[in-house]
Amino acid sequence: MRALSLSCALIASAAFAQTKAPPPDWKPSVAYELIDFALEATAREIERVGARPTINSRELFLAAAAMYDAWSLYDAKANASHATPAIPRAVAALRTDANRHKAMLSALRTVLLDLYPTQKDFIEGECNKRGFSAKGAAEQLGAKAGQRIIDARRRDGANQLGDERGSKDATAYGDYTFYAPVNGPDKVIDHDRWQPIPFTLDDGKVIRPGFLTPHWYRVQTFALKSADQFRPGPPPKYGSEQLKKEVDEVLKLNASLTPEQKATVEFMRDGPRSTGQSGHWLRFAQAVSRRDKHSLEKDVKLFFAVAASCFDAFIAAWDTKRAYDSVRPWTLVRLYYAGKKVRGWLGPGLGVGEVPAEKWAPYSPASFVTPPFPGYVSGHSTVSGAAAKTLALFTGSDRFEDEDARRAGSLTEKGASHALMMSVDGKKASGDEKACDVVLGLPTFSATAEMAGWSRVLGGYHIQSDNLAGLALGKQVADVAWAKSAALFDGKSE
């Protein structure tokens, strides 16, 4: 894994920055600009209600599908992702880029207004900037495509309206499968099962979030025959030599993070305007678009394929999480080392030292200690494995050759001096580490996925089994999702 030092003056203080300039003759397609629009709307929703990666993946999939389905109505052969009821294609004389642009914007508008009703002013404002007219023939065709997606997905199992049978109340995307954790926040009954973990918010309030969307295994997939189609075997059990070895690996790594490793931990926790794993990989897809100077057609297909693969990957990952309901390192460290001290991160700017096992925490803010759902498999690994494989299949090569520039520790140790953030095993940083940020090399798609998965082990959120099984699962999902996407593009039914 390659890392370069760059002057902070070049990278400024951003948590994330693209360091590769686009080709001088590159011009973004309308699809590129519209996926930006969708990502910004998703980021605003996350700011409003918090990160919900499963839900966000569905939102971005529907947004990408709206763009693609509207575009397909102006193509001679491509089939729509949601094709019932049928909408007649535009006649050949109307298949112009101007009409495609209008239809895509209208379809996206229709879907975003349904997903984000509180953002009506923002969405309408963005559409008006782009010349939207509800009376235009292309816009009306696009609106039909967007509404068809909404109608097809109204009862897809996500419980968007909170009205699925079994729902406790009308909470949007709420559980309706009656999940309840075996272990309580203060007592572990089953050492192999998930435990709700306390978060301490910035105002000092302690909360214990429940399993986020435990019903997600019931969501209608895009390409998978079922959520459990590729479900991996069980994770290592408590008391096994393998599990103890993997817990100790997490402890050792988490207590000796270098600046590069801290940057790696934060690699998929990408700070301001974060849109989760689906959004992050759509950003990587945009990097491919810039690199290869994509046309509108290539972009609309690329963004759809990546979003669809991520969407199915989340469903498959959540099926596995629900099936095994597995424990996180936060709990395992307390179980294996109860009453003892371990070496661990002491908190923002405090470095590393001896800490009671009961006080050990991942390299993460106290307000978000560990994602609130079971560990096996890692969602980051599964989605990254799927998206990386999809990008390789789409482009015909694993080559990426991109970079990710960030200030190591800036998302985890806010307020601490940079030298303290860069401390390793209690020793303050010196030399260039005080003043320089890190650039992570992303030579291939597969290496980027592996970095994303490894980041979760380094940070203390997952054991290695969670990561490796997730990467393998994601690749299997990608093969199936790509086959369906490619068939749609070619006007086939698979």
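The values are calculated or read from the model by the stated rules, or taken from the named source; none is laboratory data. These numbers come from a predicted model, not from an experiment. Neighbour counts run over all protein chains shown; Cβ positions are idealised from the backbone, glycine included.
Going by the conditions given, is Ala93 more than 23 Å from Cys127 (Cβ to Cβ), part of a loop (DSSP other than H, G, I, E, B) and at pLDDT 95 or above? Spell out how you get there, then give the answer.
Values: more than 23 Å from Cys127 (Cβ to Cβ): yes; part of a loop (DSSP other than H, G, I, E, B): no; at pLDDT 95 or above: yes.
It is false that Ala93 is more than 23 Å from Cys127 (Cβ to Cβ), part of a loop (DSSP other than H, G, I, E, B) and at pLDDT 95 or above.
Could you check the range 388-418 and list, in sequence order, the residues that are of a type in the set (D, E, K, R), in contact with a Phe, Trp or Tyr (Cβ under 9 Å, 6 or more places away or on another chain) and part of a strand (DSSP E or B)?
Matches in the range 388-418: Arg399, Asp402, Asp404, Arg406.
Which residue, of Gly385, Gly375, Gly353, is assigned to a strand (DSSP E or B) and either of a type in the set (Gly, Ala, Ser) or closer than 30 Å to Phe304 by Cα (or both)? Talk me through it step by step, then tell me what you get.
Working: Gly385 fails: assigned to a strand (DSSP E or B); Gly375 fails: assigned to a strand (DSSP E or B).
Just a single option satisfies the conditions, and that option is Gly353.
From the residues in the range 207-223 that are among the polar types (S, T, N, Q) and either more than 23 Å from the chain's Cα centre (by Cα) or buried (at least 21 other Cβ atoms within 10 Å of the Cβ) (or both), which one is nearest to Val477 (Cα to Cα)? Lay out the reasoning, then the answer.
Of all residues in the range 207-223, those among the polar types (S, T, N, Q) come to 213, 220-221.
Of the ones still in play, those that are also either more than 23 Å from the chain's Cα centre (by Cα) or buried (at least 21 other Cβ atoms within 10 Å of the Cβ) (or both) are 213, 221.
On the way: Thr213: 20, Thr221: 11 Å.
Step by step, filter the range 207-223, then rank; the result is Thr221.
Have a look at Ser226, Ser326, Ser256, Ser240 and point out the one that is surrounded by fewer than 20 Cβ atoms within 10 Å (Cβ to Cβ), more than 27 Å from Leu39 (Cα to Cα), touching a strand residue (DSSP E or B) at 6+ places or on another chain (Cβ under 8 Å) and polar (S, T, N, Q).
Working: Ser226 fails: touching a strand residue (DSSP E or B) at 6+ places or on another chain (Cβ under 8 Å); Ser326 fails: surrounded by fewer than 20 Cβ atoms within 10 Å (Cβ to Cβ); Ser240 fails: touching a strand residue (DSSP E or B) at 6+ places or on another chain (Cβ under 8 Å).
When all the criteria are applied, what remains is Ser256.
Can you name every residue in the range 116-129 that is in contact (Cβ under 8 Å) with a residue 60 or more places away in the chain and either touching a helix residue (DSSP H, G or I) at 6+ places or on another chain (Cβ under 6 Å) or surrounded by 17 or more Cβ atoms within 10 Å (Cβ to Cβ) (or both)? Before you say what the answer is, go through the steps one by one.
Taking the range 116-129 and keeping what is in contact (Cβ under 8 Å) with a residue 60 or more places away in the chain, we get 116, 118-119, 122-123, 126.
Of everything in the range 116-129, those that are in contact (Cβ under 8 Å) with a residue 60 or more places away in the chain and either touching a helix residue (DSSP H, G or I) at 6+ places or on another chain (Cβ under 6 Å) or surrounded by 17 or more Cβ atoms within 10 Å (Cβ to Cβ) (or both) turn out to be Tyr116, Gln119, Ile123, Glu126.
Being buried (at least 21 other Cβ atoms within 10 Å of the Cβ) and either outside any helix (DSSP H, G or I) or among the charged types (D, E, K, R) (or both) is the filter here, so list the residues in the range 476-494 that pass it.
Lys484
Of all residues in the range 40-72, count the ones that are of a type in the set (Ser, Thr, Tyr), over 15 Å from Pro117 (Cα atoms) and over 11 Å from the mean Cα position of the chain (by Cα).
Of the residues in the range 40-72, 2 are of a type in the set (Ser, Thr, Tyr), over 15 Å from Pro117 (Cα atoms) and over 11 Å from the mean Cα position of the chain (by Cα).
So if I check each of Asp299, Asp312, Asp319, which one is crowded, with 21+ Cβ neighbours inside 10 Å, within 27 Å of Gly279 (Cβ to Cβ), among the charged types (D, E, K, R) and more than 17 Å from the chain's Cα centre (by Cα)? Spell out how you get there, then give the answer.
On the way: Asp312 fails: more than 17 Å from the chain's Cα centre (by Cα); Asp319 fails: more than 17 Å from the chain's Cα centre (by Cα).
Result: Asp299 is the single residue among Asp299, Asp312, Asp319 that is crowded, with 21+ Cβ neighbours inside 10 Å, within 27 Å of Gly279 (Cβ to Cβ), among the charged types (D, E, K, R) and more than 17 Å from the chain's Cα centre (by Cα).
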